[in-house]
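Working notes for the structure below.
Nothing in this text is a laboratory measurement; each read-out follows from the coordinates by a stated rule. Here the structure is a predicted model, which is why all the values come from computation and not from measurement. Every residue, glycine as well, gets a Cβ built from its backbone with ideal geometry; the counts of neighbours run over all protein chains shown.
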Amino acid sequence: MSTTDWPLWEVFVRSRRGLSHTHAGSLHAPDAELALRNARDLYTRRGEGVSIWVVPATAITASSPDEKDPFFEPAADKPYRHPTFYEIPEGVKHL
Amino acid sequence: MATAAAQRTARTEADGAPDTVDTTAYQHAFDAAVAADERIEPRDWMPDAYRATLVRQIAQHAHSEIIGMQPEANWITRAPSLRRKAILMAKVQDEAGHGLYLYSAAETLGTSRDELLDKLHSGRQKYSSIFNYPTLTWADVGAIGWLVDGAAITNQVPLCRCSYGPYARAMVRICKEESFHQRQGYELLLALSKGTPAQHAMAQDAVDRWWWPSLMMFGPPDDESQHSAQSMEWKIKRHSNDELRQRFVDICVPQAESLGLTLPDPDLRWNEERGHYDFGPIDWSEFREVLKGNGPCNEQRITQRRRAHDEGAWVREAAAAYAAKHTGSAGETGATRA
Amino acid sequence: MTATGPATVPVTAALALGDDALVLSHRLGEWAGHAPALEEEVALANIALDLLGQARVLLSLAGDEDELAFLREERAFRNLQLVEQPNGDFAHTIARQLYFSVYQQLLHTELAAGDGPFAPLAAKAVKEVAYHRDHAEQWTLRLGDGTETSRERMQQACDALWRFTGEMFQPVEGLDADWPSLEARWLEYIGDVLGRATLTVPEGPRTGAWSAGAGREGVHTESFGRMLAEMQHLHRSHPGAAW
């Protein structure tokens, strides 16, 4: 790769206060400062955000789709983690 | 993330897995996901041909966005009112942004933006032929918005449901942002059509020149289209070229009437039986010639793109060199958590 | 000239500020499709759009925005010569941005703090120009402290535009600002940025030697006439038309 290759950054935007940052997309920038500014220009030019994170794409460790079953399926058979699992007599309030 | 393919290779090696994996099970999972209208994501296994088709299509789409900036940017410095100037600048800016979203989507398939740009600059990848036509008058800005963006939207809306997740998500964002592009073009033409006789003539002339090339944007007729069948099966594409072209014609005819402008096709008439407008034969020889590189602006567009890229090289190098020198300080800006 | 615009807005000042923004916006608009990276296309367009927005508000205070933009003769434009200078290479554009945005930020901060007719506009603009200044500063650092080539180009650009910077601190009728103090702060700030960018503060004179004056008096440089010819041609070709 030539020296003109700028690394890839993933961009996360908080759309308004009280919400968490969500992935908006990616962009190229030579360093973190410019990545942040480019993200502002690109992903919030219609007022989509109040805060931005940029993360070097290479810094992300992702779960592998091949491991989907061991990773995520064990969570599917634990219904007692959800409130709908429990039976409450009719008329009982504030539960 | 851009190197899903590389990561997959690395993982296989690290796991000590055999070089040749039996892909039948993967193929089944892939087919089932597509059939169930689930999205394919970057790190999922996918057939090589699916990956190649996507890279080709997304890259071509991205290239079209950035080459497409040129014919309109041609009028930024001459826009006849400050309001129109602001609108046009914002629109051309959006196109740069859309190119960016699309290159990012292509990068999730393991091809870098630099590689894609290189292929564009060397003519190995194409962009939409429509941008090889010149913008001769101000009205062309309106005609591009109404007809070219209109055709693009007709093509793009179904792509929001494309089977490849990153492409579909990019298209959702693009379609949302582009909703003003077509309207501004229509409004611009309307102002001209209702304006002075000279303005009206300018608008009619532009529509006369852009109508047929816009219809060609949907690609060759279904029976001649190379990639259509497989793409439909993979749910990259959801409707055939001819279907979308017909939909576009049906939308445009009444819009032209409201504009007070005519469409340059004597065969254009409502067909009660089909429930659609019939339209005249498209001159596919022109399409093929422009595609081959013989359009009025092919040379000019690619030359300008290359020049911008080459002239910017020292700037990109400088920023990379600065980043290399100041890596420490760049790392410290993790203070962006706010 | 006294205030003749609506609500006692000093017209001379509205034109000076409005023309600065209009002309610089136009020059930045010329970058569309030519920027060194796609990300930079978007950044330059954002700045151009901010400036165009400022120009429209300011010109509307002085009259009809389109009449003022498209039907005035060259000598009636009150912008600084700095902002009309051709884009040149990216270094020239960045040097022009740096010089002007630092000036604009200092001036608008002062206007926003006052209670003059421009205070509301300046309060909005000051946020925009703070970003423009930051953009120019970031790039000055990278070009200055990047490669040998980029430092050379950036130094050349800073030197070439230096002689247009004195005009910025010539008092403008109707603008209540402490000009000598603005100038001192501008020099200090620019000196600091250039220093951090490993560049040398230019040494030449900061104003032209010509007694005819400069942009604020309606005296412009050669390239400005050409720029206006392009900008005004279509509008003027259809007198009275609506767009």
Starting from the Cα coordinates of chain A, work out the convex hull volume and express it per residue in Å³.
-> 157 Å³
Could you check which residue among C:Gly166, C:Gly144, C:Gly204 shows the biggest mean-square fluctuation in a GNM of chain C with a 10 Å Cα cutoff?
-> C:Gly204
How far, in degrees from 0 to 90, does helix A:32-43 lean away from the longest principal axis of the Cα atoms of chain A, to the nearest 10?
-> 70 degrees
Once the dipole of chain C is set up with Lys and Arg at +1 and Asp and Glu at -1 on Cβ about the Cα centre, which of C:Leu199, C:Gln54, C:Gln85 lies farthest towards its positive end?
-> C:Gln85
Classify the stretch C:147-217 as rounded, prolate or oblate, taking a ≥ b ≥ c as the square roots of the eigenvalues of its Cα gyration tensor: rounded when a/c is under 1.5, otherwise prolate if a/b is larger than b/c and oblate if not.
-> oblate
Taking every pair of alpha-carbon atoms in the stretch C:118-243, give the share separated by more than 18 Å as a whole percent.
-> 69 percent
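Rounded, prolate or oblate, given the Cα gyration tensor of the stretch C:11-237, with a/c below 1.5 counting as rounded? Before the final figure, lay out the partial values.
Working: a/c = 1.45, a/b = 1.25, b/c = 1.16.
Because its axes are fairly even, with a/c under 1.5, the stretch C:11-237 counts as rounded.
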Over all distinct Cα pairs, what is the inverse of the mean 1/r for the protein assembly as shown, reported as the Kirkwood hydrodynamic radius in Å?
-> 27.6 Å
Gaussian network model of chain A, Cα springs within a sub-10 Å range: biggest mean-square fluctuation belongs to which of A:Leu36, A:Leu19, A:Leu27?
-> A:Leu19
On the first, second and third principal axes, largest extent first, how far apart are the outermost C-alpha atoms of chain B in Å?
-> 74, 53, 42
Taking only the alpha-carbon positions of the stretch B:221-338 and ignoring solvent, what does the Debye formula give for the base-10 log of I(q)/I(0) at q = 0.15, 0.18, 0.21 Å⁻¹?
-> -0.93, -1.11, -1.23
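With N residues in the stretch A:1-51, what two-decimal value do you get for its Cα radius of gyration over 2.2 N^0.38 Å?
In units of the globular-protein estimate, the stretch A:1-51 measures up at 1.22.
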Per 10 Å bin, what is the whole-percent P(r) computed from every C-alpha pair distance within the stretch B:82-193?
-> 13, 39, 34, 12, 1
Where Rh denotes the Kirkwood radius from the mean inverse Cα pair distance, what is Rg over Rh for the stretch C:106-178?
-> 1.11
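When the helix-only estimate is applied to the protein assembly as shown (DSSP H runs of n ≥ 4, each -39,500 (n - 2.57), divided by the residue count), what is the mean residue ellipticity at 222 nm, nearest 500 deg cm²/dmol? Before the final figure, lay out each step's value.
Details: 27 runs with 379 residues, N = 676.
Taken over the protein assembly as shown, the calculation gives -18000 deg cm²/dmol.
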Quick one: angle between helix C:119-144 and the longest Cα principal axis of chain C, in degrees between 0 and 90, rounded to 10, please.
-> 30 degrees
Among the Cα-Cα pairs of the stretch C:19-151, the proportion with separation greater than 22 Å, in percent, is 38 percent
Using +1 at the Cβ of each Lys and Arg and -1 at the Cβ of each Asp and Glu in the protein assembly as shown, identify which of B:Ile174, B:Ala32, C:Ala113 lies farthest towards the dipole's positive end.
-> C:Ala113
